[in-house]
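The structure appears right after this line, and notes come after that.
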There are 4 protein chains.
Amino acid sequence: MTTDGRLQGIFTPNMVPLNDQGNIDESELRRYVDWLIDRGVHGLYPNGSTGEFTRFTPDERRRIVEIMADQTAGRVPILAGAAEANVRETIAACEYYHGLGVRAVAIVAPFYYKLSPDNVYAYFKEIARHTPVDVTLYNIPMFASPIDVPTIQRLSEECERIVAIKDSSGDVAQMIRMIEAVRPNRPDFSFLTGWDAVLVPMLLIGCDGGTNASSGVVPEMTRELYDLTIGGQIDAARRIQAQLIELFDPTLYAADFPEGFRTAVSLRGFAMGTGRQPLSDKHRTILADLQKTLGAWLDRQGLGGESPTPKGVAGWDAGQVSAIVEGVLAELRSRGVTAAQR
Amino acid sequence: MTTDGRLQGIFTPNMVPLNDQGNIDESELRRYVDWLIDRGVHGLYPNGSTGEFTRFTPDERRRIVEIMADQTAGRVPILAGAAEANVRETIAACEYYHGLGVRAVAIVAPFYYKLSPDNVYAYFKEIARHTPVDVTLYNIPMFASPIDVPTIQRLSEECERIVAIKDSSGDVAQMIRMIEAVRPNRPDFSFLTGWDAVLVPMLLIGCDGGTNASSGVVPEMTRELYDLTIGGQIDAARRIQAQLIELFDPTLYAADFPEGFRTAVSLRGFAMGTGRQPLSDKHRTILADLQKTLGAWLDRQGLGGESPTPKGVAGWDAGQVSAIVEGVLAELRSRGVTAAQR
Amino acid sequence: MTTDGRLQGIFTPNMVPLNDQGNIDESELRRYVDWLIDRGVHGLYPNGSTGEFTRFTPDERRRIVEIMADQTAGRVPILAGAAEANVRETIAACEYYHGLGVRAVAIVAPFYYKLSPDNVYAYFKEIARHTPVDVTLYNIPMFASPIDVPTIQRLSEECERIVAIKDSSGDVAQMIRMIEAVRPNRPDFSFLTGWDAVLVPMLLIGCDGGTNASSGVVPEMTRELYDLTIGGQIDAARRIQAQLIELFDPTLYAADFPEGFRTAVSLRGFAMGTGRQPLSDKHRTILADLQKTLGAWLDRQGLGGESPTPKGVAGWDAGQVSAIVEGVLAELRSRGVTAAQR
Amino acid sequence: MTTDGRLQGIFTPNMVPLNDQGNIDESELRRYVDWLIDRGVHGLYPNGSTGEFTRFTPDERRRIVEIMADQTAGRVPILAGAAEANVRETIAACEYYHGLGVRAVAIVAPFYYKLSPDNVYAYFKEIARHTPVDVTLYNIPMFASPIDVPTIQRLSEECERIVAIKDSSGDVAQMIRMIEAVRPNRPDFSFLTGWDAVLVPMLLIGCDGGTNASSGVVPEMTRELYDLTIGGQIDAARRIQAQLIELFDPTLYAADFPEGFRTAVSLRGFAMGTGRQPLSDKHRTILADLQKTLGAWLDRQGLGGESPTPKGVAGWDAGQVSAIVEGVLAELRSRGVTAAQR
């Protein structure tokens, strides 16, 4: 995918590692970004639902994108979640992320209050009028006001800045309806599915890619699934799809979302820390059980065995590494070397 | 499909034409059966939800299958809806339909009361113990107690007589889960989707066919969609899928189900009569509008222009034909000729 | 309550005892009817949801009302559930129950299919045009198409034969809306709640009574609750309401409805038999546990200790009694003595 | 109600007037606070759902409580909505509001993500461990994770700092269950309903009061309803309840919540400004129609006729007045006169 082209492929809605104080663990986040890119994800998607955007402060959300944009350094495009408390704040976030060089922002429909379709339209229309960066509509009806097909069609026709929809409903029929309604007038518009369990059929009926939590756990597999499906090897793709559901279902349903994904990413060797939502004893037990289940599943895929405490490599602990990295970056910045130049 | 093989292809959940007295219009039903078979449907499915099984009496439900079995005369398999008031009555219906030579029965999960999965299991298990004919589980969570994946898996492993599931949820991920759970142990088990809007993706992820109301309106198209998808011509199949959604959506959503399908079938030249559920003035207007919409759509498909009152052919009206047929049948019966012998 | 007056008080939606063959246990049903009347219920309501109307055949439903009308012999009014497969069958049932002398029928909104409000209106309007007996609308949105307030208002204004609504939503605000919409024009119209957990507040905001499954278990308590509330002793009524919820919640929620009520009624000394819905092992265990819970609760209320197998009293078993009763009735009929005359 | 006693009576979840720039209109907010107190509300509830807390920034939420605490000056207790992005931020808000002298905070269950009951428990438990101010649980299942009865019971037993629940479900049975579960062990615990349509029955079954959007529109009526109900004049209370539903229903349902309440408060003479959620043309029309409906309703109650543009009185515009008020307050503060002294 080129920087200016259509959004395509698998974008990882990454979780954010937290340190012992519950703050963003910058060095681990940078390490995770590299790892994801190395394993073939097409893009990154900070501040999504998997990324727990609502549990960070506005400043932290900006810091997350800042770190990731810096670390990515243009290797893959970034789709930055930019929803804030209201339109004014959201537009300010769009401007900020634009300044960081993200490919596009993703904005979830208003949540808490359930809005009618006409006001969902008005909301995105107002944002589209002012954003300096491309916007992806984010439809996740289980958490936020739904964005229905007529609304998507209307916004796509009226707003050049709106370039894609990320749909996490998992409703394949609805995706066909969206594509039929939008593509004739907007061949550049991109359709991404956030529902990992139907990634293959979604790609087969015309989606351009996905924003899939599973890709933060097994980026190798989602990439392979994508390549096989696009390459017409449907039987092989279906087999990976079935395996992916074996990962997706317990990770999603066993514990309150997205705790299961924190556990799963940890199993790939990242120190994700303790989430900000306090967990009950019952949930700690659930997650301990899930860890075993997922560990066994990863072993079967030949993806197990990664050190759960990889930060101490070479005798240095993560804090030390992070301090050093920060020092180096500060030094580079002081010498006028910006992210874009590196 | 052979009589004993796996259920495959498109089974039409046909509506039942009613005469001026609101009774089964036998001659028109026979004509409709012939028309459907001639246009390529792989099987027929009387007493489904589209067929308004709840609005007929137990005797009428038997009569419908009787007429259709007689008229089909083995040309295509029949999947007969057999749900009655309770297990005893349902088993009696299974026995009756078995005597008529149907390929299998379809039994919807208990409705009105919402049962838990363990009792849904107990219900089908009890039926499977006694039925002389193969059983298709019928999952339609918008109307009846859901049949979840563990229940389907358990029933498929314990009950040889249960040979298929018809799922009308439209949930592609759920279908993948079902197939993964059942197929390894029961390669003969058949998976049919009742959700026309995802027929292509369902076939692509491994379904054996569908029971689709649209096939009662445009059997030519659903057959072509099926053949193209099975034949690997996915792009062409997707185009038909998109057209089919243009039919399916207004027919399903504009009016209370299944009234829109009655209107649609009428447009193919069948005198469907007035349904048994009284309609409001508002609904009559909705259906008149729908008739225009669907008529225009059929014209665009080259399927319009069929006479809406075809029953007067050859100078005989339908009532006369029906009376003659009834007379002949009565005569045959009086001579000891049963349906099974003809 | 007089036979012709407004429906008022507590109507028991009684379950039907079944014998070892799963058929209606007539003598036990008669005994149960007497027991309920003796303990103060204001009326009886056969063929309701608690009464499992969908699990009986049309003939059985008629037989149930027949037995109960005969046994009641005018002591309390009967509200007979009369919903059948379609309007024609439902009207025939109305006529039949009218002939048996019931005070009114109760007709649930169409179920299985979910109808829009305008067609719910059309359905009841058509019935109201033809019924010879007063009709109670039955709103139970968890199982059937909802009957909304404008529909109730319109039907109440246009149809003299529609005299009441039984609402099982438990939504107190909705009940206030109904009363406000209907009572000004139809002071004779009656409002009954089917949600036992809010019986006191419903009566306080203006309901005329209830059709409450709990009254089939503890008719003494629901009667007392009613009398206290009507009598303005709110604090005392609230205490009984709280106790009733202790009965209602586990009986309703622990097992698939209405199995818990079968267990509960058995604890008052009636041989209810095994229900027609097959139960899983899990459910049998649930019901065994529930039996203990409810038994202890009844003991605390001073209502425990009734024999669970009371049918053998006086050395006669129930089948013998039933046979004798049947014989006497047959003899009476042969002499031209009809139920109405007795 | 004394400052330290049980929460009782009607707390207004007030909206926040916005100026032409979309910022908090401080002077109008102060005027509104006075008006509400003058008309008899028992307390104020900033940063509730009606108060659009999610659409303000964390700093704005603090500013709103600051203004209101200052203006209230101890005349009535304040219940301050304190939910922030995560537990740490929420506790910081509790500390801040404690410093402002609020009576208690109200904290909605986690939203966006739907949490299981055990984690809802863990969330409030963690907050209760650290808050310096009393906490009201806020249950609003249509917008946030539900707080079920066992969770409320457990929290009430373990956490002294948790002193009340505000329940906006409108489920009267559920409220009875809560009261039965909590009151025996915590007689000081307070139960408030946020569902205006059942205020009378909720008070009758034992609630201590309500947090009702209607009280921001017609504080006179909600106060009268409260006084009549508490005073045992149930028939008179019911009449007001019915009238209140005539206000509540269109204000709540005609437009996306809480836009209708902005329109309604404007009709009482406050310049509420334009909300932060952009509105569609359709919604503007809806609100214009609603304005007429509510205006006529207010006239019928004898509450109409208040100037819709009251800010320009005496030739001064609101900005000027606000500036003067601010000046005076600053001067007072500089002289050591604090809110508590005034």
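The values are calculated or read from the model by the stated rules, or taken from the named source; none is laboratory data. Predicted model, so just to flag it, every value in this text is computed and none were measured. No Cβ is skipped: glycine too gets one built from the backbone with ideal geometry, and neighbour counts run over all protein chains shown. Just so you know, the surface numbers come from the protein's heavy atoms only, side chains and all, with ligands and any DNA or RNA stripped out. Shrake-Rupley method; radii C 1.70, N 1.55, O 1.52, S 1.80 Å.
Translational diffusion coefficient, Stokes-Einstein: compute it for segment B:1-95 using the Kirkwood radius over C-alpha pairs as Rh, at 37 °C and 0.692 mPa s, and state it as an integer in µm² s⁻¹.
Approximately 240 µm²/s, per Stokes-Einstein.
Here is the size of the protein assembly as shown from its Cα atoms: Rg then Dmax, 33.6, 116 Å. Summing charges over neighbours of B:Ile240, with a neighbour being any other residue whose Cβ is under 14 Å away from its Cβ, gives -3 when K and R count +1 and D and E count -1.
For the protein assembly as shown, the share of accessible area belonging to carbon and sulfur comes to 51 percent (1.4 Å probe, ligands and nucleic acids excluded). As a length-normalised measure over Cα pairs under 8 Å and 6 or more apart, the relative contact order of chain C settles at 18 percent.
Under Stokes-Einstein, with the Kirkwood radius over Cα pairs standing in for Rh, what whole-number D in µm²/s applies to segment D:226-312 at 25 °C and 0.890 mPa s? Approximately 173 µm²/s, per Stokes-Einstein.
Put simply, chain C fits an ellipsoid with semi-axes of 30, 25, 19 Å; these come from the alpha carbon gyration tensor as the roots of five times its eigenvalues, largest first.
For D:Lys114, the lysines whose Cα comes closer than 25 Å to its Cα, not counting residues fewer than 8 places off in the same chain, are A:Lys114, A:Lys166, A:Lys282, A:Lys292, B:Lys114, D:Lys125, D:Lys166. Solvent-accessible area per residue in the protein assembly as shown equals 36 Å², computed with a 1.4 angstrom probe and all protein chains kept. Ordering D:His283, C:His98, D:His42 by accessible surface, largest first, gives C:His98, D:His42, D:His283; the 1.4 Å probe counts only protein heavy atoms, with every chain in place.
Using θ = phi - 60° in the Karplus curve 6.51 cos²θ - 1.76 cosθ + 1.60, the 3J(HN,Hα) couplings for segment B:67-76 round to 4, 5, 5, 4, 6, 5, 6, x, 5, 9 Hz; x is entered for Gly and Pro. Which FRET efficiency, nearest 0.05, do A:Arg239 and B:Asn185 yield, Cβ-Cβ r, R0 25 Å? Computed FRET efficiency for A:Arg239 and B:Asn185 comes out at 0.90.
Across the residues of C:194-204, average count of Cβ atoms on other protein chains within 10 Å?
Values: counts 0, 2, 1, 6, 9, 1, 5, 10, 2, 0, 7.
Per residue, the number of nearby Cβ atoms from other chains is 4 on average.
Shape analysis of segment C:73-221 yields a ratio of the Cα radius of gyration to the Kirkwood radius, Rg/Rh, of 0.94. Each part gets one Cα centre, and for segment B:264-299 versus segment D:17-48 those centres are 55 Å apart.
Net charge in the neighbourhood of B:Ile230 (other residues with Cβ under 13 Å of its Cβ; Lys, Arg +1, Asp, Glu -1) is -2.
For A:Ala106, the residues 5 or more places off, or on other chains, whose built amide H falls under 5 Å of its own are A:Ala80, A:Gly81, A:Ala82, A:Thr136. At the residue level, C:Phe53 shows approximately 10 square angstrom of accessible surface with a 1.4 angstrom probe and all protein chains present.
Exposure check, 1.4 Å probe, all protein chains in place: B:Lys114 carries approximately 90 Å² of accessible surface. Rounded to the nearest 100, the interface formed by chains B and C buries 3400 square angstrom of accessible surface, both chains summed, with a 1.4 Å probe. If the Kirkwood radius is taken over C-alpha pairs of segment C:173-257, then at 37 °C and 0.692 mPa s the Stokes-Einstein diffusion coefficient equals 245 µm²/s.
Other residues lying with their Cβ under 15 Å from the Cβ of C:His130 contribute a combined charge of -2, Lys and Arg counting +1, Asp and Glu -1.
Measuring only protein heavy atoms, the 1.4 Å probe finds B:Cys207 accessible over about 10 Å².
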